[in-house]
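The values are calculated or read from the model by the stated rules, or taken from the named source; none is laboratory data. These numbers come from a predicted model, not from an experiment. Don't worry about glycine lacking a Cβ; one is built from the backbone with ideal geometry, like all the others, and counts go over all protein chains shown. Accessible surface areas use protein heavy atoms only, side chains included; no ligands, DNA or RNA. Shrake-Rupley method; radii C 1.70, N 1.55, O 1.52, S 1.80 Å.
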Amino acid sequence: MTSSDLRHHGDVDAAPGLADFAVNVRVPHPPDWLRERLAAALDGLGRYPSKPAEERAREAVARRHGRSPDEVLLLNGAAEGFALLPKLAPRRAAIVHPGFTEPEVAFRDAGIPVEHVLLDGDFQLRDVRSDADLIVIGNPTNPTSVLHEAARLKALPGRLVVDEAFMDAVPGEPESLAHDPDVLVLRSLTKTWGLAGLRAGYFLGDPETLARLAHGRPHWPVGSLTLEAITACCEPEALEQSAGFAQEAERHAAYALEQLQDLVVVAPKGPFLLIRAPRGTRQALRDKGIAVRRCDTFPGLDDTYLRVAIRPPEEFAVFVDALRVVMEEMA
């Protein structure tokens, strides 16, 4: 698989005029209260991001996860976190696939050997064998929407990096390792809060590892608006709202599974699902104004797999109706 394949993301599949089921951002824009917080911060853009603002953001993240501020590294989105991973200089990196491809791109670009740990069938972790000294896995995994048990993750060999970009969409976050000091955990705020265009995320880990990751970053690495967004989204009121969103997402996932149970590969635990359909389905849906995420760019999958963002039932019904028509036409 080429680097261009690995760099493909759902925003490329979406296009103006199409109903977007390709991108996993929950809402098209931030909620009003968050927009107001960001708007209020605009007058400060004539000043450089301040140390106190950075400290407030780190403290907010630390409180949210029961960590200390020196166990938090603020990021311009989770993608920046993946780009920093080669600084850990593993002898060999293992990526659990099918999974998000950005960490593999980062390691390849840095000349670090990459090993695929391919899961098949129901895409569950079982007896994973690897001689890599660093292993990366998503939980819930994109694009399979599988939620792995924390105990199984901890049993993986080598240093463990867990991408929990979608964990806040899982009610109660039961399998999160964000509290574990021995695991490097990556979080994103862009999916739940409609901040994909701003970029906001963070690493949780031991201070020594975070210092290695931060070494060589430019001065003022995170902008003022991102610092404000991180602080706001980790405050108690936001966490309460996020928990409600997760409950809602679970109900929406149950509806989606009921509608598409004959095509769904695994019952979804994240805000998206993986389906299997005849070749040509994606283009046929596109011709009817529906965008879904192609999955042949994920190692271990081919063009019979499609990732579909789960939306509220009234929106998801648009996708279901179009898919039924396509399936009938292709029969």
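General remarks:
- Of all residues in segment 193-204, those satisfying the criterion of being surrounded by fewer than 23 Cβ atoms within 10 Å (Cβ to Cβ) and not charged (D, E, K, R) are G194, A196, G197, L198.
- E329 vs. criteria acidic (D, E), loosely packed, with under 15 Cβ neighbours inside 10 Å and touching a residue at least 40 places away in the same chain (Cβ under 8 Å): yes
- Of all the listed residues (L177, L204), the sole one being closer than 16 Å to P140 by Cβ and out of contact with any Leu (no Cβ under 6 Å at 6 or more places or on another chain) is L177.
- Test for S145: is it crowded, with 16+ Cβ neighbours inside 10 Å, within 22 Å of L189 (Cα to Cα) and among the polar types (S, T, N, Q): yes
- Top-ranked residue of segment 89-106 - restricted to ones that are open to solvent by 10 Å² or more (accessible area, probe 1.4 Å) and in a helix (DSSP H, G or I), ranked as nearest to R7 (Cα to Cα): E102
- Meets criteria (over 20 Å from P171 (Cα atoms), modelled with pLDDT of 95 or more and open to solvent by 50 Å² or more (accessible area, probe 1.4 Å)) for H215: yes
- Restricting segment 194-219 to residues that are over 20 Å from the mean Cα position of the chain (by Cα) and assigned to a loop (DSSP other than H, G, I, E, B), the residue that is nearest to V183 (Cα to Cα) is D206.
- Test set (1) open to solvent by less than 50 Å² (accessible area, probe 1.4 Å); (2) closer than 22 Å to A309 by Cβ; (3) not hydroxyl-bearing (S, T, Y) - V12 fails condition number: (1)
- When residues in segment 157-173 are screened for being modelled with pLDDT of 95 or more, over 21 Å from V27 (Cβ atoms) and part of a loop (DSSP other than H, G, I, E, B), 1 of them pass.
- Set side by side, the residues E250, E258 differ, and just one is under 17 Å from T192 (Cα atoms) and open to solvent by 50 Å² or more (accessible area, probe 1.4 Å), which is E250.
- Leading residue by the ranking (nearest to S188 (Cα to Cα)) among those in segment 218-231 that are open to solvent by less than 50 Å² (accessible area, probe 1.4 Å) and hydrophobic (A, V, I, L, M, F, W, C): I230
- For segment 302-315, a tally of residues being in a strand (DSSP E or B) and either over 10 Å from A256 (Cβ atoms) or not aliphatic (A, V, I, L, M) (or both) returns 3.
- The criterion of being at pLDDT below 95, touching a helix residue (DSSP H, G or I) at 6+ places or on another chain (Cβ under 7 Å) and farther than 23 Å from K191 by Cα holds for S3.
- Test: residue in segment 316-324 that is assigned to a loop (DSSP other than H, G, I, E, B) and crowded, with 22+ Cβ neighbours inside 10 Å: no
- Among the residues of segment 168-183, the ones that are touching a Gly at 6+ places or on another chain (Cβ under 9 Å), hydrophobic (A, V, I, L, M, F, W, C) and surrounded by fewer than 24 Cβ atoms within 10 Å (Cβ to Cβ) come to 3 in all.
- Set P69, P113: member being in contact with a strand residue (DSSP E or B) (Cβ under 8 Å, 6 or more places away or on another chain), of a type outside the set (F, W, Y), without any contact (Cβ under 8 Å) to a residue 40 or more places away in the chain and more than 29 Å from I275 (Cα to Cα): P113
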